[in-house]
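I'd like to ask you about the structure that follows.
Since every read-out is calculated from the coordinates, none of them should be taken as a lab result. Computed from a predicted model, the values in this text were never measured in an experiment.
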Amino acid sequence: MEKLILLFYLLLSLTGCEPTRNVDTHEVVNGIDLIYSKIQITGELATFRCVRSESGECHYTVLPGSCGTRQVNCKLPITVFSMRQGDTLLLTRLPEDFASCVTTTPVNPNACARQLASAAPATP
């Protein structure tokens with residue numbers, strides 16, 4: 001059944017029925033790529049792609065969207081995973097407003113939440 005639902009979402013995304021959002025993370029220091037990651041989000045589907053990483057691996061922390069706007073009382077991460085440079089992973093059933101961090105080394109989910117909160121635009 002899960003495969004059928006996945007196929008349905010993929011077909012919808014190909015026909016343009018679901019809006020697609022892209023999140024690129026690219027950090028370069030002194031001309032050296034530290035991390036380059038691409039995430040494509042279509043509905044409840046998110047494709048995570050580790051393009052390049054100084055360590056050879058991308059370490060992802062996926063958090064509820066509310067963690068991107070505050071630093072305290074953030075719920076536990078939805079998922080934490082690592083993948084090798086060049087790999088791609090498709091996740092299903094993520095909340096529409098999820099937030100994520102990608103790093104070259106594993107980090108504590110609270111550090112990720114603090115990073116997201118500090119990067120969030122100030123609300124009036």
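Across the stretch 21-30, in residue order, what do the Karplus-derived ³J(HN,Hα) couplings come to in whole Hz, using 6.51 cos²θ - 1.76 cosθ + 1.60 with θ = phi - 60° and x for Gly and Pro?
Ordered by residue, 3J(HN,Hα) equals 10, 10, 10, 10, 10, 9, 10, 10, 10, 6 Hz.
Using a/c under 1.5 as the rounded threshold, could you call the stretch 19-119 rounded, prolate or oblate? The axes a ≥ b ≥ c are square roots of the C-alpha gyration tensor eigenvalues, and prolate needs a/b larger than b/c, oblate otherwise. Walk me through the numbers before you get to the answer.
Numbers: a/c = 1.72, a/b = 1.20, b/c = 1.43.
Here the stretch 19-119 falls in the oblate category.
Still on this model: Can you tell me the length gained on complete extension of the stretch ASN30 to ARG84, counting 0.36 nm per residue apart and subtracting the Cα distance?
The span from ASN30 to ARG84 would gain 17.1 nm if fully extended.
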